[in-house]
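K.L.:
This is the structure I have questions about; it appears just below.
Laboratory data are not the source of any read-out in this text; all were calculated from the coordinates shown. Here the structure is a predicted model, which means the values were calculated and not measured. Cβ sites come from the backbone with ideal geometry, for glycine too, and all protein chains shown count toward neighbours.
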Amino acid sequence: MRDFAMWVFSLAAYSMFGIFSAKAAENPFFAMDTGLRDGVMRTPAQQAHLLKELGYAGVGWSPAQVPEMLAALDAEGLKMFNVYVGVEISRTNHVAPAHITQLIGQLKGRDTALWLTVTSKAFTKPCDESGDADAVAMLRDIADQAQQAGLKVSLYPHTWFWMERVQDAVRLAKKVERPNLGVTFNLCHCIKVGDESRIKELLEQAKPYLSFVTINGADHEGDWNRLIQPLGQGSFDVAALLKTLKAMDYRGPVGLQHYGIKGDAREMLGQSMAGWRALRVQVDAVSDKQ
């Protein structure tokens with residue numbers, strides 16, 4: 001009943017406030033492909049069509065079937081915003097790995113970013129700055145190759161990885177000094193590492209480099225099933241986060257994280273789209289009063 005009420009509210013918001021007005025369009029809203037993994041086998045064309053039907057601007061993808069998904073998205077008028085891919089740093093490997101070079105070739109000329117996680121066996125402690133020089137060397141090579149292909153790179157902080165926190169990504173971005181390399185703020189990972197109380201401060205630090213933000217419904221603590229929920233669920237105030245981003249004049253894409261959420265992909269993604277539209281009403285209503 002609560003989900004149905006939110007859906008009705010979002011439809012009312014659409015007609016009353018023009019939810020897809022120029023203001024709301026400042027932040028394209030895409031779904032990470034984690035939200036499409038419900039055990040049902042869907043072709044790239046079927047996945048792209050589902051996202052189109054539900055109102056998403058596109059997808060955050062993974063390295064498999066990139067050419068096929070690009071073609072499917074093109075057919076639906078949607079965008080592949082980024083491709084989630086990892087690299088491992090060491091004391092000896094300072095160039096882009098082969099799988100990154102291959103991916104750059106597949107994406108050449110596209111307005112798609114490499115969404116980069118960073119792990120390490122040589123530097124096992126998250127946030128260990130002794131690995132910075134080796135990371136910077138590799139990231140510069142990746143960014144330079146991406147630049148030649150007309151692509152951007154965005155660092156993706158991930159709990160338990162070497163590059164774990166958004167402040168780690170910002171530190172690296174400053175040292176890499178490449179105009180096409182930015183950072184991502186991930187709500188669920190920020191809460192998981194205990195930085196919820198610092199979100200505004202961390203977003204300000206990230207602002208010069210901020211290229212993506214990912215959101216979802218969440219509680220203030222717990223395992224992933226509590227930190228990643230459909231929008232409209234959870235005790236964390238996602239509207240407040242979006243208001244902070246608007247106050248910062250962040251106009252970049254916002255991605256939906258749905259990792260591990262149980263249930264039918266259409267239903268869950270539909271619920272989060274309703275939540276997104278309701279959140280946009282709240283954010284834009286505040287802006288209209290200012």
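K.L.:
For Val153, list long-range residues whose amide hydrogen, built 1.01 Å from N in the peptide plane, is under 5 Å from its own amide hydrogen.
P.N.:
Those lying under 5 Å, H to H, from Val153 are Leu114, Leu181, Gly182.
K.L.:
Can I ask one more? Step through the residues of the range 226-237 one at a time and calculate ³J(HN,Hα) from phi using the Karplus curve (6.51 cos²θ - 1.76 cosθ + 1.60, θ = phi - 60°), rounding each to whole Hz and writing x for Gly and Pro.
P.N.:
9, 8, 10, 10, x, 4, x, 10, x, 8, 5, 7
K.L.:
Report the normalised scattering of the chain as log10 I(q)/I(0) at q = 0.07, 0.08, 0.12, 0.13 Å⁻¹, calculated by the Debye formula with identical scatterers on the alpha carbons.
P.N.:
Summing over Cα pairs of the chain leads to -0.25, -0.33, -0.76, -0.89.
K.L.:
For Trp224 and Cys127, compute 0.36 nm times the residue count separating them, minus their Cα-Cα distance, and round to one decimal in nm.
P.N.:
Values: separation 97, 0.36 × 97 = 34.92 nm, distance 2.11 nm.
Net length gain for the segment: 32.8 nm.
K.L.:
Mind putting a number on the dipole of the range 26-283 about its Cα centre? Charges go on the C-beta only, +1 for Lys and Arg and -1 for Asp and Glu, and I need it in Debye to the nearest 20. Don't skip to the answer; put the middle values down first.
P.N.:
Working: 28 positive and 29 negative charges, 64 e Å.
With Lys and Arg at +1 and Asp and Glu at -1, about 300 debye.
K.L.:
On to the next question. Fewest to most neighbouring Cβ within 10 Å: what's the order for His158, His99, His49? Before the final figure, lay out each step's value.
P.N.:
Details: His158 23, His99 12, His49 16.
Listed from fewest to most nearby Cβ atoms, that is His99, His49, His158.
K.L.:
Here's something else I'd like to know. Using Cβ counts within 10 Å as a stand-in for footprinting exposure, how do Cys190, Cys127 rank, fewest first?
P.N.:
Numbers: Cys190 24, Cys127 16.
Neighbour counts put them in this order, fewest first: Cys127, Cys190.
K.L.:
Extending each Cα 7 Å along its Cβ direction at Arg37 and Asp249, get the distance between those two points in nm, one decimal.
P.N.:
3.8 nm
K.L.:
Moving on to the next point. Run the simple label-point estimate for Arg266 and Lys108 please: 7 Å along Cα→C-beta, distance reported in nm.
P.N.:
3.9 nm
K.L.:
Ser62 to Glu177: extension gain in nm, 0.36 nm per residue of separation minus the Cα-Cα distance?
P.N.:
Values: separation 115, 0.36 × 115 = 41.40 nm, distance 2.61 nm.
Working it through step by step, the gained length comes to 38.8 nm.
K.L.:
Let me ask another. Take Lys79, Lys121, Lys175 and order them by how many other Cβ atoms sit within 10 Å, fewest up front. Intermediate values should be presented prior to the final figure.
P.N.:
Working: Lys79 19, Lys121 9, Lys175 14.
In order of increasing Cβ crowding within 10 Å: Lys121, Lys175, Lys79.
K.L.:
Right, another one. Output wanted: per-residue J couplings in Hz (rounded whole) for the range 150-159, from phi through Karplus 6.51 cos²θ - 1.76 cosθ + 1.60, θ = phi - 60°, x for Gly and Pro.
P.N.:
These are the phi-based 3J(HN,Hα) values: x, 10, 10, 10, 10, 6, 10, x, 9, 3 Hz.
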